[in-house]
Structure formats: C-alpha cells, structure tokens
C-alpha cells in the first residue's frame, strides 16, 4: 500500500477525490475435518472521482503506477466535463474541510503464518468433533478482510485508515425427524485474526450453545402461521434496525421515494424506540465497523434516526446533503477501489431500554422468542422479511419447544409502533455484509424488543 | 509484460517454484458504465481491471491466490505466496487440474461499446417511462458495457483464450401515488447489442406496468389457505437457483443435497426440463471454460423430471465419486409448456401471481418461506388486487414436484430464458 498520495494533487483541476485502496482477504474452510478452501487474495488499486456542476466522472485502475494515476484522474475529469456540460446546476457544495486523519486497527502482536491460521480453524473443528461426535456434519469457515484506504481530496481532506475484520462461521448438522437439520452462527468482528481469535474459550462456549440449539431443533415444530407476539433478540432487532428502517432512511432512497420521506418529524414508532447509526463508538466502546472519515472526505458523525419514536434524520452523502440543504453525515462508503461511494450504514442499533429479558418472556402467554436470523430484505415501504433459523415457542410466560426454520415479516414502521418492552442489555455485531449495489461490512444490534409481527409456518 | 505473456510467466514461475500441477487464469476487462437517477445521468465510470487467479498443487496440497497486480515483481510475489499457501494446506487426493484439451480462442460479442447510443438509450428509456407510466419513480438505471479477455493456462497444456463483450442494464424503481408507495421492483437484463430500446428488454415493460398498480396494497383475504402460485419468469429464475444449489459442490461435499445418489431417477415433475447452456446462441454472454479449466458444453440438467446431470466441479466429482458436470450451471433455460399464460391464470381458483419472493434461505430439507412482493391475489381465474403482508411457505422439492402447468410464452433476459409456471399446494398466509 503506498502512502505518497499528495504528489498527485498537482493533477487536480476540478473538485477531485483520489483514493488508493487495498482489500486483503484470507479464506479458510474446513468441512467435516477436511480443509476444502485455503485462499488469500489482495484487491487493490486507485480511483479518481471528479465533480463538475454536480455531475461526476469516475475512473479506476488496478495499476497504480504514477503515469496510470495521472491518466485515471484525467479520464475522470473528462467524464465529469462530458456530463457537467449537459447539466444546469447553479451551485453545488462540496463541503470543503481541511484535515489529516490516520486510524489503524492493525494488530500489534506478531502476525500468524497461514499455517498457524489453518491450525486455529482445525482447533475449532477438533473441539466440535471431541465434544459432539454424533453430528451428521460440520463446517468451520474463517474469513478475514483488511480494508486499507488512503484518501486525498482537492479540498485537502486526507485520511489513511486500516479497518480489519475477522469472522468465523460455524455450521452444525444433524438428522432431524424429517431429514437434515442445521444451525449456524457467525462470530468475531473488528480486528485481525491475532486479536479476534486470541482466546478460543469464547468460541468454545458459543459452539456449546449452538449445539444445544441443534439438539432442540431435532424436536422442532412448525410455527403457527400468522400474526404473533414475539421477542426479537439483539440479532433480530439489529437487522430490523438496519434493513427495515435504516435503508428507508438513507437519503438516496428517500430521494427515490421511500416512505420515510413522508414521515420526517412524525411519530413512526413506540416512544420506547430510539434508533441511531453510530459512526464509530457508543457507550464508551469502539463499535465493530468504526468509520472516522467517509470516502468523500467527510468526518463521520452519529445520526439519530428515530428519537423516542419520532423520525428525526436521514443519513447523507454530499449529493443528498446538497439536495436537502443539510450537512453530510459521513455515510458515503465504497467497498472496493473501483466502487464509487454510496450512502451506507455504519453501526445501526436500537438503544437499550429498562426491561429485563426474563420479564419480557414472562409477559407473553402465547408467542415466540426469535434468536437468530439468516438473511434479510426490506424495501421502500419498510416491509421486511427475515429468515429465522433458531427460535422457540413461548407458552404461558415460559420458553417452550424449538421451532423449525421460518420467516418473519411486517411493515417496520407498523411493527415498531407495537413495541411494548425493550431490554436493558445491548450488543452490536459486525459480522454481516450489506448488499446495496456493492458489498459492505456493516454493524447492527441493540437490545431485545417485544413486538407483534407476521410469522411463517403451517 | 502484457496479455498472454502474463499468464505464461505465472505458469512458468509456479512450476519453477515447485508446483507439480499449476493453473493460471488472467482476466483483463474494461467496463464503461453510465448511471441515471433523479432525472439526470449523474455518473460516468470507466473501470480498468486486471485479475489474476493462481492455483498450485504440491503433493496433493492445493492453494489458490488471487491478485490484481500485474507488474513482474507483484506477479512473482503472488506465485511465491501461492506456493507458501500450498505448504500450509492438508493433502487431499481429490485435488487436480483439468487434462490437456484442444488449444482454443473464443470470441463473442462486441469489443467496443457504442458510447453515444448508451447515452441515447438511457435518456430515451427515462422519457418513455415518464410518458407511459407517470407514477413510476426511477431509483437508478445503470447501463454498462463490459469486455473481458481471459487467458487460461495449466501445466497439463490447457491453453484457452476467451473474448466476451456484452451490455447489461440494471433498473430499480418504485411507484408513488401521493404518499402511497409501492415496493421496489427491479430488472437485470443482458444483451449482445443495443438494437432494442431498454423498455423492450426482458420483461421491463410488463413489470413497470404492474408496479404502477401496486401503490394500494392489502393482504390476501384469508389468514391462511392452501393455494396455487404462478411464478413469473424472474421469480422462477430465483426458485431454479434454489433447486440448482442442490446439484452443486457444496451440498454434495457435505452430503446435504436433496438429490444425493438420484442421478437417472425421476425426482421432480415430468413437466420440468431444465438446460444449462453456456454457449447457446440465445444468450448475451458465453461461458467458454469452467473455473477449473474444462471447455464447457451445453447440457440437460433435468429432462421430463429425471435428473440427468449434477453441476459438480472436478474436485467435487473426485471427492464424491460422481461424474463432473459438462458445465457448473449458467445460462439456464426451462422448456415451455403448451398453455397460454391467460389460460393458466384462468385455471387458478385461489392463489398468487408471484412476481418476487423476499425469502429466507431454504432449510436443509428444502423448506422455505418468504413475503410475496410486487404480486397479485388471484381468485376464480381473475387477478383481483396487488398484495402486501402475505407470506408463502413451501419446500423446494414440493415446488418442482407440484407443477400444474408451464406457459408457452417465455422471457429471454439475456442471462436466462424462463416461462411462467403454475404450482399447487402452497401455504399462503395473510394478516
């Protein structure tokens, strides 16, 4: 990764963002004791985005020789002039701000060799075999992503960041009543493998819980299809915050017609609900996806989206900030060097309340406690769908039988109005990718919430 | 160093550093993309890409390494890294590379985009949508031309060059009527050229027209019923992907495929015939070579319900003692039936015309459920109204076993050719 980006400033003629970026990935999979994947990749290059009259030209190359960098700046400039010459935008604010920020989450420990990382994966697999020999199958997968960026704008914003992530995915399979069943979990988060896998015990205890869920699922029953009282734990509350509310309040989707555009400063949720997209820290802790400067050179700030049930703000890049006449929030992020920055969430969470989870369960006569999600989708109406591979019945205030894989759905702005209890604990995970045009690591979480929604079943 | 020399250099270096078997794939591509949103073409991009994929096997220990740096020092370092990685892998006798095949150079599609026509088609599309469907709000339209030259070499003598050029459009939109909003809808289509106006690609005109009717939604009238669903071509494509997943490496290696040891058996409805045609003339892009170095051939996956071929790579085939697929699943085509869509709709007593399913991943046994999006309730052979908050629960195998009819009409998306398909016995639940 090169750092001498300032030498290229002499090529800037119009508003320009120049970004060098490298994404380094390691992927190791172990299926039933066999290492089936052992790969590394490095995707790096340079991109230039040039603005003219509110239009953008962009060019990128994986070659970062000096003459190539000059060529791509020139090409982006010519694209911007081509589009800008057809535009009629009187004024456009690029929000100039001069600063220099360096932020790295690289480990300070000795780096492991690939062999040592393979052994760590094997160790987790051995733990599963040793303790749960009767499984029908098992998979352990480790994926690391180190994202390093150097950004320079023509308005003298400079940032050099290194944000690593290590995620371990574990799947356990067994024979159920009606064929194969499985449970899975993703663990890890911010940091390189030396920091995230420094204590295998924390992973062992999660594997133990996962195995118990698999045993419970052997006797699982179908959920009863229809509208139900449920408790969503932090994992599901987080994806509700991200998918169903978060996306509708990204300003580019608001401009495209999402329902949130009509709800600003209106009550959209129970007053127990406050929902925030944190930039990098909350409650004194670094969050899983810390963003200090976005890829347009804007210093990232927290965005309170819903405050005590009232929709207060949207998330912005420079373009939407121009459109709405507000300040950008530092949400413009690009996944690869060849991607243009888009409005993306960082760490989107519901804030904790005052209820105890045990009291929340006890308050439900007939409903479900939903613990894990697989995938999730939502759209402009805030109608959402999440896969739920692990959940339990609640009968007369007590946890009952496990339920088979199901799906929950609803209109998020309606569902949040049904929230009657919010737990006093909080967790935020950074193990997912969001897929809005480009992949992007995102953090999400919150407390457990009690609400009503639609559950699939028979 | 340029073009094929890059791949040749890497292959020689891997062998020199100790690889007993080596494989190199070097891809060089240029993408030119225009983006339209909020009434304007706001972004014009050119992406120059070089991707090199290295693979080495030493004493049955395999490693793969990918990089996008093509200067000699970086290439040499990438080869060294690959060899180092191999030493950290455990031995696996199933790891191998493709055998020698005829040296080939393939060409398909246009090398250079027609830039002016891209711009013209983009603006023409937005004007036409405004004229025909005034309630439609376009979130974004991307039109891109991609041209990729790839060199595939291995130490057994595989030597294949492919040149592929095609256009893709990706359209995302919704309808807005006052404060009433439809769900997002979208279409992704490929084409070899820009001969047609965008509105005539795939099913775009139809789904724009249907989406405009979807600003006022309600759930199906009953809490739960067993009914029929008519899968539209784009929805059928998604269901087909779920089915095909059980024919691929992952499910077979982990013994979790629904079709384990079922080759040659009737496993789905006799109405169902599926082709995977990487080099058929109907498609915008051709896929000439598999990721492990075999020149592809078109194949029949299911014929009248009988499983004719899995989609297994060389590794999975070796690992599970089965036959390798002639390709690994691309450019799918489902054979049409003999009923018109109109007749199929007329034959549904109670059900859903399913345009899109926002659904969870199927469970290991194939069960899945999801929310019907951009879809309509059908009763007594008539399309009644657009729906929301309606969930569908079924099973992948049940779905393809309970086929009542397949339409004689089909849609060519450039990447797949799909008809409409009526399926019975599906659980539909409302609010």
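The values are calculated or read from the model by the stated rules, or taken from the named source; none is laboratory data. Keep in mind it's a predicted model, so treat the numbers as computed, not measured. Glycine gets a Cβ as well: all are built from the backbone with ideal geometry, and neighbour counts include every protein chain shown.
Quick check: is even one residue across the range A:196-213 buried (at least 20 other Cβ atoms within 10 Å of the Cβ), touching a strand residue (DSSP E or B) at 6+ places or on another chain (Cβ under 9 Å) and part of a loop (DSSP other than H, G, I, E, B)?
The answer is yes; a qualifying residue exists.
Condition check ((1) more than 30 Å from residue B:135 (Cβ to Cβ); (2) at the interface with chain A (Cβ under 9 Å from one of its Cβ atoms); (3) part of a loop (DSSP other than H, G, I, E, B)) across all residues:
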position	(1), (2), (3)
B:11	yes, no, no
B:26	yes, no, no
B:35	no, yes, no
B:52	yes, no, no
B:70	yes, yes, yes
B:79	yes, no, no
B:87	yes, yes, no
B:100	yes, no, yes
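Which members of the range B:388-407 meet the condition of being away from chain A (no Cβ under 11 Å) and crowded, with 23+ Cβ neighbours inside 10 Å?
B:399, B:400, B:405, B:406, B:407
Looking at the range B:127-153 only, could you name the residues that are part of a helix (DSSP H, G or I) and in contact with a helix residue (DSSP H, G or I) (Cβ under 9 Å, 6 or more places away or on another chain)? Talk me through it step by step, then tell me what you get.
Our first condition is that a residue be part of a helix (DSSP H, G or I); within the range B:127-153, this holds for B:127-132.
Passing the criteria: B:128, B:129, B:132.
Sort out which residues of the range B:174-188 are under 27 Å from residue B:282 (Cβ atoms) and either surrounded by fewer than 17 Cβ atoms within 10 Å (Cβ to Cβ) or out of contact with any helix residue (DSSP H, G or I) (no Cβ under 7 Å at 6 or more places or on another chain) (or both), and write them in order of number. Please lay out each step first, then the result.
Within the range B:174-188, the first condition is being under 27 Å from residue B:282 (Cβ atoms), and the residues that meet it are B:185-188.
Correct list: B:186, B:188.
Starting from residues that are within 14 Å of chain B (Cβ to nearest Cβ) and at pLDDT 90 or above, keep the ones in the range A:433-453 and report whichever is farthest from residue A:355 (Cα to Cα).
Initial filter on the range A:433-453 (within 14 Å of chain B (Cβ to nearest Cβ)): A:435-438, A:452-453.
In the following step, the residues that additionally are at pLDDT 90 or above were identified as A:438, A:452-453.
Numbers: A:438: 38, A:452: 17, A:453: 20 Å.
So the residue we want is A:438.
Do the conditions hold for residue B:368, that is, is it away from chain A (no Cβ under 14 Å), surrounded by 22 or more Cβ atoms within 10 Å (Cβ to Cβ) and touching a helix residue (DSSP H, G or I) at 6+ places or on another chain (Cβ under 9 Å)?
Spelling it out, it is not the case that residue B:368 is away from chain A (no Cβ under 14 Å), surrounded by 22 or more Cβ atoms within 10 Å (Cβ to Cβ) and touching a helix residue (DSSP H, G or I) at 6+ places or on another chain (Cβ under 9 Å).
Kindly check whether there is at least one residue in the range A:210-230 that is under 29 Å from residue A:280 (Cα atoms), touching a residue at least 60 places away in the same chain (Cβ under 8 Å) and in contact with a helix residue (DSSP H, G or I) (Cβ under 8 Å, 6 or more places away or on another chain). Show your work before the answer.
Narrowing the range A:210-230 to residues under 29 Å from residue A:280 (Cα atoms): none.
No: the range A:210-230 contains no residue that is under 29 Å from residue A:280 (Cα atoms), touching a residue at least 60 places away in the same chain (Cβ under 8 Å) and in contact with a helix residue (DSSP H, G or I) (Cβ under 8 Å, 6 or more places away or on another chain).
Name the helices (runs of 4 or more DSSP H) wholly within the range A:229-339 that hold at least 3 residues that are farther than 26 Å from residue A:370 by Cα?
A:251-255, A:318-324
Evaluate the following for residue B:92: is it surrounded by fewer than 15 Cβ atoms within 10 Å (Cβ to Cβ), at pLDDT below 95, more than 17 Å from residue B:37 (Cβ to Cβ) and within 14 Å of chain A (Cβ to nearest Cβ)? It would help to see each step written out before you state the result.
Values: surrounded by fewer than 15 Cβ atoms within 10 Å (Cβ to Cβ): no; at pLDDT below 95: yes; more than 17 Å from residue B:37 (Cβ to Cβ): yes; within 14 Å of chain A (Cβ to nearest Cβ): yes.
Answer is no for this residue.
Of all strands (runs of 3 or more DSSP E) completely enclosed by the range A:1-115, which ones contain at least 2 residues that are closer than 30 Å to residue A:196 by Cα, more than 26 Å from the chain's Cα centre (by Cα) and within 13 Å of chain B (Cβ to nearest Cβ)? If you could, list the steps in order and put the result at the bottom.
Details: elements: A:15-31, A:34-52, A:55-61, A:99-104.
Result: A:34-52.
Restricting attention to the range A:407-427, and to residues there that are in contact with a helix residue (DSSP H, G or I) (Cβ under 6 Å, 6 or more places away or on another chain) and buried (at least 20 other Cβ atoms within 10 Å of the Cβ), which single residue is farthest from the other protein chains (Cβ to nearest Cβ)?
Taking the range A:407-427 as the starting set, the residues that turn out to be in contact with a helix residue (DSSP H, G or I) (Cβ under 6 Å, 6 or more places away or on another chain) are A:412, A:421, A:423, A:427.
Filter once more, so that each one left must be buried (at least 20 other Cβ atoms within 10 Å of the Cβ): A:412, A:421, A:423.
Values: A:412: 12, A:421: 22, A:423: 24 Å.
Among residues in the range A:407-427 that are in contact with a helix residue (DSSP H, G or I) (Cβ under 6 Å, 6 or more places away or on another chain) and buried (at least 20 other Cβ atoms within 10 Å of the Cβ), the one farthest from the other protein chains (Cβ to nearest Cβ) is A:423.
Just to verify a result, which residue in the range A:368-383, among those that are modelled with pLDDT of 95 or more and touching a helix residue (DSSP H, G or I) at 6+ places or on another chain (Cβ under 9 Å), is farthest from the other protein chains (Cβ to nearest Cβ)? Quick ask: steps written out before the conclusion?
The initial filter retains those residues of the range A:368-383 that are modelled with pLDDT of 95 or more, namely A:368-371.
Now restrict to residues that are touching a helix residue (DSSP H, G or I) at 6+ places or on another chain (Cβ under 9 Å): A:369-371.
Details: A:369: 18, A:370: 12, A:371: 14 Å.
Of everything passing the filter in the range A:368-383, A:369 is farthest from the other protein chains (Cβ to nearest Cβ).
Assess whether residue A:207 counts as being within 10 Å of another protein chain (Cβ to nearest Cβ), farther than 17 Å from residue A:416 by Cβ and in contact with a helix residue (DSSP H, G or I) (Cβ under 8 Å, 6 or more places away or on another chain). Steps first, answer last, please.
Working: within 10 Å of another protein chain (Cβ to nearest Cβ): no; farther than 17 Å from residue A:416 by Cβ: yes; in contact with a helix residue (DSSP H, G or I) (Cβ under 8 Å, 6 or more places away or on another chain): yes.
Answer is no for this residue.
For residue A:72, all conditions in the list (1) at pLDDT 95 or above; (2) closer than 30 Å to residue A:128 by Cβ; (3) out of contact with any helix residue (DSSP H, G or I) (no Cβ under 8 Å at 6 or more places or on another chain) hold save one; what is the number of the exception?
(2)
Look through A:357, A:342 and report the one residue that is at pLDDT 95 or above, over 18 Å from the mean Cα position of the chain (by Cα) and on the phi < 0 side of the Ramachandran plot. Talk me through it step by step, then tell me what you get.
Details: A:342 fails: over 18 Å from the mean Cα position of the chain (by Cα).
It is A:357.
Restricting to the range A:330-349, name every residue that is in contact with a helix residue (DSSP H, G or I) (Cβ under 8 Å, 6 or more places away or on another chain), closer than 30 Å to residue B:175 by Cβ and more than 14 Å from chain B (Cβ to nearest Cβ).
Filtering the range A:330-349 for residues in contact with a helix residue (DSSP H, G or I) (Cβ under 8 Å, 6 or more places away or on another chain) gives A:332, A:342-343, A:345, A:348-349.
Okay, now just the ones that are also closer than 30 Å to residue B:175 by Cβ, so A:332, A:342-343, A:345, A:348.
If the condition is that a residue be in contact with a helix residue (DSSP H, G or I) (Cβ under 8 Å, 6 or more places away or on another chain), closer than 30 Å to residue B:175 by Cβ and more than 14 Å from chain B (Cβ to nearest Cβ), then A:345, A:348 are the ones that fit.
Are any residues in the range A:172-186 under 21 Å from the mean Cα position of the chain (by Cα) and surrounded by fewer than 20 Cβ atoms within 10 Å (Cβ to Cβ), and if so, which ones?
Across the range A:172-186, the qualifying residues are A:184, A:186.
When residues of the range A:214-228 are filtered for being within 14 Å of another protein chain (Cβ to nearest Cβ), surrounded by fewer than 21 Cβ atoms within 10 Å (Cβ to Cβ) and assigned to a helix (DSSP H, G or I), how many remain?
Summing the residues that are within 14 Å of another protein chain (Cβ to nearest Cβ), surrounded by fewer than 21 Cβ atoms within 10 Å (Cβ to Cβ) and assigned to a helix (DSSP H, G or I) in the range A:214-228 gives 1.
Taking the options B:222, B:197, B:212, B:216, name whichever one is over 22 Å from the mean Cα position of the chain (by Cα) and within 15 Å of residue B:138 (Cα to Cα). First the steps, then the outcome.
Numbers: B:222 fails: within 15 Å of residue B:138 (Cα to Cα); B:197 fails: within 15 Å of residue B:138 (Cα to Cα); B:216 fails: within 15 Å of residue B:138 (Cα to Cα).
Checking each option against the conditions leaves just B:212.
Give the number of residues within the range A:384-406 that are crowded, with 24+ Cβ neighbours inside 10 Å and free of Cβ contacts under 8 Å to residues at least 60 places away in the same chain.
Total satisfying the criteria: 3.
Looking only at residues that are part of a strand (DSSP E or B) and over 16 Å from residue B:6 (Cα atoms) in the range B:54-68, which one is nearest to the other protein chains (Cβ to nearest Cβ)? Spell out how you get there, then give the answer.
At the first step, the residues of the range B:54-68 found to be part of a strand (DSSP E or B) are B:54-58, B:61-67.
Still in the running and over 16 Å from residue B:6 (Cα atoms): B:56-58, B:61-64.
On the way: B:56: 11, B:57: 12, B:58: 12, B:61: 9, B:62: 7, B:63: 6, B:64: 4 Å.
Out of the qualifying residues, it is B:64.
Do we have any residue at all in the range A:384-394 that's away from every other protein chain (no Cβ under 13 Å) and either touching a helix residue (DSSP H, G or I) at 6+ places or on another chain (Cβ under 7 Å) or farther than 24 Å from residue B:363 by Cβ (or both)? Walk me through it before giving the result.
Quick first cut of the range A:384-394, residues away from every other protein chain (no Cβ under 13 Å) only: A:392-394.
Okay, now just the ones that are also either touching a helix residue (DSSP H, G or I) at 6+ places or on another chain (Cβ under 7 Å) or farther than 24 Å from residue B:363 by Cβ (or both), so A:394.
Within the range A:384-394, one or more residues are away from every other protein chain (no Cβ under 13 Å) and either touching a helix residue (DSSP H, G or I) at 6+ places or on another chain (Cβ under 7 Å) or farther than 24 Å from residue B:363 by Cβ (or both).
Can we say residue A:439 is within 26 Å of residue A:187 (Cβ to Cβ) and surrounded by fewer than 21 Cβ atoms within 10 Å (Cβ to Cβ)? Spell out how you get there, then give the answer.
Values: within 26 Å of residue A:187 (Cβ to Cβ): yes; surrounded by fewer than 21 Cβ atoms within 10 Å (Cβ to Cβ): yes.
So residue A:439 passes the test.
Mind checking whether some residue in the range A:280-303 is closer than 21 Å to residue A:379 by Cα and either buried (at least 21 other Cβ atoms within 10 Å of the Cβ) or in contact with a helix residue (DSSP H, G or I) (Cβ under 6 Å, 6 or more places away or on another chain) (or both)? Spell out the reasoning first.
As a first pass, look at the range A:280-303 and keep what is closer than 21 Å to residue A:379 by Cα: A:303.
From the residues that got through so far, the ones that are either buried (at least 21 other Cβ atoms within 10 Å of the Cβ) or in contact with a helix residue (DSSP H, G or I) (Cβ under 6 Å, 6 or more places away or on another chain) (or both) too are A:303.
Within the range A:280-303, one or more residues are closer than 21 Å to residue A:379 by Cα and either buried (at least 21 other Cβ atoms within 10 Å of the Cβ) or in contact with a helix residue (DSSP H, G or I) (Cβ under 6 Å, 6 or more places away or on another chain) (or both).
Out of all the residues in the range B:173-204, which are assigned to a strand (DSSP E or B), away from chain A (no Cβ under 14 Å) and within 19 Å of residue B:128 (Cβ to Cβ)?
Matches in the range B:173-204: B:187, B:189, B:191.
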